[in-house]
1. Tell me yes or no: at least one residue of the stretch 83-99 is closer than 23 Å to residue 54 by Cα, surrounded by 19 or more Cβ atoms within 10 Å (Cβ to Cβ) and among the small types (Gly, Ala, Ser).
2. Please verify whether residue 112 is acidic (Asp, Glu) and within 21 Å of residue 174 (Cβ to Cβ), treating the condition exactly as stated.
3. Checking residue 151 against (1) free of Cβ contacts under 8 Å to residues at least 60 places away in the same chain; (2) touching a Lys or Arg at 6+ places or on another chain (Cβ under 9 Å); (3) of a type outside the set (Asp, Glu); (4) within 22 Å of residue 180 (Cβ to Cβ): exactly one of these is not met. Which one?
4. Could you please let me know if residue 159 is touching an Asp or Glu at 6+ places or on another chain (Cβ under 8 Å) and of a type in the set (S, T, N, Q)?
5. Regarding residue 103, is this residue crowded, with 22+ Cβ neighbours inside 10 Å, among the aromatic types (Phe, Trp, Tyr) and modelled with pLDDT of 95 or more?
6. Failed condition for residue 113, given (1) at pLDDT 95 or above; (2) over 25 Å from residue 75 (Cβ atoms); (3) among the polar types (S, T, N, Q), with all others met?
7. Please specify each residue of the stretch 65-95 satisfying the condition of being under 17 Å from residue 159 (Cα atoms) and part of a helix (DSSP H, G or I).
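The values are calculated or read from the model by the stated rules, or taken from the named source; none is laboratory data. Keep in mind it's a predicted model, so treat the numbers as computed, not measured. Please note: Cβ atoms are built from the backbone with ideal geometry, for glycine as well, and neighbour counts cover all protein chains shown.
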Amino acid sequence: MKKIVLASASPRRKEILEQIGINFDIIPSTCDEVITKDVPKDIVEELAQQKAYEVFKKLDNPDIVIGADTIVVLNDTIMGKPKDEKDAFDMLGKLQANTHIVYTGVCVLIKENNAIRKLVFSEATKVSMYPMSKDQILDYIATKEPMDKAGAYAVQGKSAIYIKKIDGDYNNVVGLPIARLYNEMLEFGIDLKTI
């Protein structure tokens, strides 16, 4: 019986894996994220690998470790998690009435015999938002929901009323492109649902 470990403390990623009935443990990565790339797709893949490797090395006998990282990109500007409420206000002010791209990178490390197989990919989803007034932005920030989210919003949360259109994988915007992950793993010869 292989053991799956999610290298993330994200409640959203946890919910997505639980939603499809996968058995897994959670060991959050605590590594310092070091970005050496400048293309969004490469950045999220690099960070997902750092997280997965850090947890993989901690384990005595790892089977499968899944790392992921999500960023929001507007006009080539990367938006991570806001530093404070002012930062959240600035981000939401730029995102409202605009279209941005959410990138999630995924790294899966699989131990087989004495070798490590690695799967790395990223998914991109376009998100368009309705206009938001200053008061609407402040009301949303007051909920505290934006404070630990890339781009300062949660598509599955209270900001849902401001999401005009999603072009691509909804779960990717939440934080884990589960359909892509499941099918990529099938191509690797592993059915996550039967582990």
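1. The answer is no, given that none of the residues of the stretch 83-99 is closer than 23 Å to residue 54 by Cα, surrounded by 19 or more Cβ atoms within 10 Å (Cβ to Cβ) and among the small types (Gly, Ala, Ser).
2. In short, no.
3. Every listed condition holds for residue 151 apart from (1).
4. So residue 159 fits the description; yes.
5. yes
6. (1)
7. 85, 87, 88, 89, 90, 91, 92, 93, 94, 95
Results for (1) touching a Pro at 6+ places or on another chain (Cβ under 6 Å); (2) farther than 16 Å from residue 109 by Cβ; (3) assigned to a helix (DSSP H, G or I); (4) basic (Lys, Arg), shown as yes or no for each residue.
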residue: 18; (1), (2), (3), (4): no, yes, yes, no
residue: 21; (1), (2), (3), (4): no, yes, no, no
residue: 29; (1), (2), (3), (4): no, no, no, no
residue: 36; (1), (2), (3), (4): no, yes, no, no
residue: 53; (1), (2), (3), (4): no, no, yes, no
residue: 60; (1), (2), (3), (4): no, no, no, no
